[in-house]
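Notes for the one structure printed next.
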Amino acid sequence: MSIVLETTRMTDVQKRFGGTVGQEGDAGTYLEWLCLRGGDATEGWVLWLKSDEMDAGTVGSFQWQRVRHAAKFDERCGVLSKTGKVELPIPLGLGMQEAKLFHVLGHPTARHGNTVLYVHEHMGEDQQGPFTTLNTLSVVIRDGKVVTIDVLKVSFAD
């Protein structure tokens with residue numbers, strides 16, 4: 001299943017992969033999330049899909065993070081099959097070497113310790129008129145490898 005930020009509905013992902021959609025807050029503090037877990041030969045991972053008030057029920061951000069195979073999960077976290085995997089539209093993934101990250105994405109917008117941040121903003125136009133899209137990518141590196149990928153997309157009318 002392809003998940004497109006600001007397009008794919010959280011309920012559609014939940015129907016496909018299981019798990020329980022959690023939520024809290026209202027209006028400007030509203031947040032809903034869906035936990036999915038899986039793993040590969042190296043370690044396990046957890047994928048948190050998130051939707052806030054501006055996303056209107058669509059996936060607006062995600063965090064994909066390495067965890068130990070022995071990590072305990074709440075039963076509300078959906079389990080992907082043994083063949084289930086996460087593929088991003090660019091060659092970026094957990095376990096990637098730091099040098100390859102910089103080769104693929106170039107120099108980050110900022111770096112603080114083990115966290116690198118990429119920020120990109122661009123203008124667009126659709127049937128409703130002009131809009132701005134802000135994309136952020138935060139990557140945590142441990143022992144020279146990517147262990148967390150956090151992505152946020154926010155579009156708003158100009």
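The values are calculated or read from the model by the stated rules, or taken from the named source; none is laboratory data. None of these values were measured; they are calculated from a predicted model. So basically every Cβ, Gly included, is an ideal-geometry build from the backbone, and we count neighbours across all protein chains shown.
Take region 133-144 and flag every residue that is over 15 Å from L105 (Cβ atoms), modelled with pLDDT of 95 or more and assigned to a strand (DSSP E or B). Step through it out loud before you land on a result.
Going residue by residue through region 133-144, those that are over 15 Å from L105 (Cβ atoms) are 133-134, 142-144.
After this cut, where a residue has to be modelled with pLDDT of 95 or more as well, the list is 142-144.
Within region 133-144, R142 is the sole residue that qualifies.
Only one residue in L94, L152, L101 is surrounded by 17 or more Cβ atoms within 10 Å (Cβ to Cβ), in contact (Cβ under 8 Å) with a residue 40 or more places away in the chain and assigned to a loop (DSSP other than H, G, I, E, B), so which one is that?
On the way: L152 fails: assigned to a loop (DSSP other than H, G, I, E, B); L101 fails: assigned to a loop (DSSP other than H, G, I, E, B).
Answer to the check: L94.
Starting from region 108-135, take each residue that is farther than 18 Å from M54 by Cα and free of Cβ contacts under 8 Å to residues at least 40 places away in the same chain and list its partners that are of a type in the set (K, R) and exposed (fewer than 13 other Cβ atoms within 10 Å of the Cβ), counting only C-beta distances under 7 angstrom and pairs at least six apart or across chains.
N114/R142
At negative phi and modelled with pLDDT under 90: is that true of T83 in this structure? First the steps, then the outcome.
Details: at negative phi: yes; modelled with pLDDT under 90: yes.
For T83, the condition - at negative phi and modelled with pLDDT under 90 - is met.
So that you can scan it fast, the table gives a plain yes or no per residue for (1) at pLDDT below 95; (2) closer than 20 Å to N135 by Cα; (3) of a type outside the set (D, E):
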| residue | (1), (2), (3) |
| --- | --- |
| G18 | yes, no, yes |
| G25 | yes, no, yes |
| C35 | no, no, yes |
| L47 | no, yes, yes |
| A71 | yes, no, yes |
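Does region 22-36 contain any residue that is buried (at least 18 other Cβ atoms within 10 Å of the Cβ), in a loop (DSSP other than H, G, I, E, B) and either aliphatic (A, V, I, L, M) or not assigned by TED's automatic domain parsing to the domain that holds R142 (or both)?
no
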